[in-house]
Amino acid sequence: MNNFETFSQLHQNPTPLILGNIWDVKSAQIFEANGYQAIGVSSQALSNAMGYQDGENLPFEVLLQLAKRVVEVVNIPFSVDMEGGYSRTIEGIITNIDKLHDAGVVGINLEDTIAGDTRYLQPVEDFQKTLSAVANHISRNNLKLFLNIRTDGFLLGLPSALPETLIRVKSYENAGASGVFVPCITHSDDIKAVVNATGLPVNVMCMPALPDFEALASLGVKRVSMGPFLFNKAYDNVSRLAAAVISDKNFLSIL
């Protein structure tokens, strides 16, 4: 199987795909060396690593150059978080998707919110129109891309997060998504309701209250992302070590 076929198959197994979320080439290599079966960009981690706030403030060309280099040096399937597509037009989003596909990426994430001073959900009909155009372009041109669609009702903390999510995942399935991603969902009953609402693989994200992998498998989850949490933990450790060098007046803490 090629990497696209492998990546698609990893969403059909009894146990969830645990996705290693990268922020640079070295982190991609570390995940591969430690036996991860696939990797994906964490938009927040990459943006912060490059000195930008999350929310499409990172120049798309930086994301594209990272994608090209990761594909050159890593052998496992690689997916890219495109946030809202790095464009506010369907044509612009499709152009960016083509560039990532040509770089060798086998999966993309698109989200149904628009980032800005405040993040807000696009009307479901508007986003479904965008998604349909993207899915049709992928199908018509036989692009080997897994189209993972993120819906942000739980991330935004909406009082109606579950019913809103159930409407949206079905809409996105009908529009041609390959999978659905529901970050910040944690309660087992909510997760099970989302899984039951769609025939697509459901992706959840690392959160303090998220059930363990065995429990997620029993709920029918097919993919688990770690988001920016490993990145944050790594740099918390870097900060402690950097402070120790100054306070200890030697390098023993990093040797």
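The values are calculated or read from the model by the stated rules, or taken from the named source; none is laboratory data. Given the structure is predicted, the values throughout are model-derived calculations rather than measurements. Cβ coordinates were reconstructed from backbone atoms using ideal geometry, including for glycine residues, and neighbour counts include every protein chain displayed. Surface areas here come from the heavy atoms of the whole protein model, side chains and all, with no ligands, DNA or RNA. Shrake-Rupley method; radii C 1.70, N 1.55, O 1.52, S 1.80 Å.
Worth a mention:
- On Cα atoms only, tilt of 124-140 relative to the major axis of the chain in degrees: 90 degrees
- Relative to the longest principal axis of the Cα atoms of the chain, the long axis of helix 60-73 makes an angle of roughly 80 degrees.
- Compactness of segment 103-244, expressed as Rg and Dmax over alpha-carbon positions, Å: 16.6, 57
- Efficiency of FRET from Cβ geometry, Asp248 and Thr118, R₀ 51 Å, rounded to 0.05: 0.75
- Of the cross-linked pairs Lys170/Lys222; Lys68/Lys192; Lys26/Lys222, those separated by over 28 Å at the C-alpha level are Lys68/Lys192.
- For segment 33-82 versus segment 88-136, the gap between their alpha-carbon centres in whole angstrom: 17 Å
- For the chain, a simple Cβ point-charge model (Lys and Arg +1, Asp and Glu -1, everything else neutral) yields a dipole of about 320 debye relative to the Cα centre.
- Contact order for the chain, expressed relative to its length and based on alpha carbon pairs under 8 Å spaced 6+ residues apart, stands at 19 percent.
- Spin-label pair Glu125/Thr89, simplified geometry with 7 Å Cα→Cβ offset, distance in nm: 2.4 nm
- Rounded to the nearest 10 degrees, the inclination of helix 161-175 to the longest alpha-carbon principal axis of the chain is 70 degrees.
- Convex hull volume per residue, computed on the Cα atoms of the chain, equals 143 Å³.
- Cβ-Cβ FRET estimate between Asn174 and Phe213, R0 fixed at 41 Å, reported to 0.05: 0.90
- Note on exposure: Phe4, Phe229 ranked by accessible area (1.4 Å probe, complete protein assembly) read Phe229, Phe4, with the most exposed listed first.
- A simple charge model with +1 on the Cβ of Lys and Arg, -1 on the Cβ of Asp and Glu and nothing else charged puts the dipole of segment 114-201 at about 360 debye relative to its Cα centre.
- Only beta bridges with both residues in the chain are counted; by DSSP, about 10 percent of them are antiparallel.
- Spherically averaged projected area of segment 123-192 from its Cα convex hull (nm²): 4.8 nm²
- GNM top mover of Gly179, Gly20, Gly157 - the chain, alpha-carbon springs below 10 Å: Gly157
- Gained length - Asn34 relative to Gln9, 0.36 nm times residue gap less alpha-carbon distance: 7.0 nm
- Loop-located trypsin sites (Lys or Arg not before Pro) in segment 20-107, at most 13 other Cβ atoms within 10 Å (DSSP): Arg88
- Simple Cβ-charge dipole of segment 164-225, Lys/Arg +1 and Asp/Glu -1, about Cα centre, in debye nearest 20: 200 debye
- A DSSP coil position with no more than 12 other Cβ atoms inside 10 Å describes the following trypsin sites (Lys or Arg not before Pro) in segment 174-255: Lys249.
- Taken per residue, the accessible surface of segment 9-72 reaches 46 Å², heavy atoms only and a 1.4 Å probe.
- Our summary gives segment 89-220 a relative contact order of 21 percent, counting only alpha carbon pairs under 8 angstrom and 6 or more residues apart.
- As a calculated quantity, the FRET efficiency between Leu255 and Lys233 at R0 = 25 Å, using C-beta atoms, amounts to about 0.70.
- Over all pairs of different C-alpha atoms in segment 1-99, the reciprocal of the mean inverse distance, the Kirkwood hydrodynamic radius, equals 14.2 Å.
- Dipole of the chain [Lys/Arg +1, Asp/Glu -1 at C-beta], most positive-end residue of Asn250, Leu131, Phe231: Asn250
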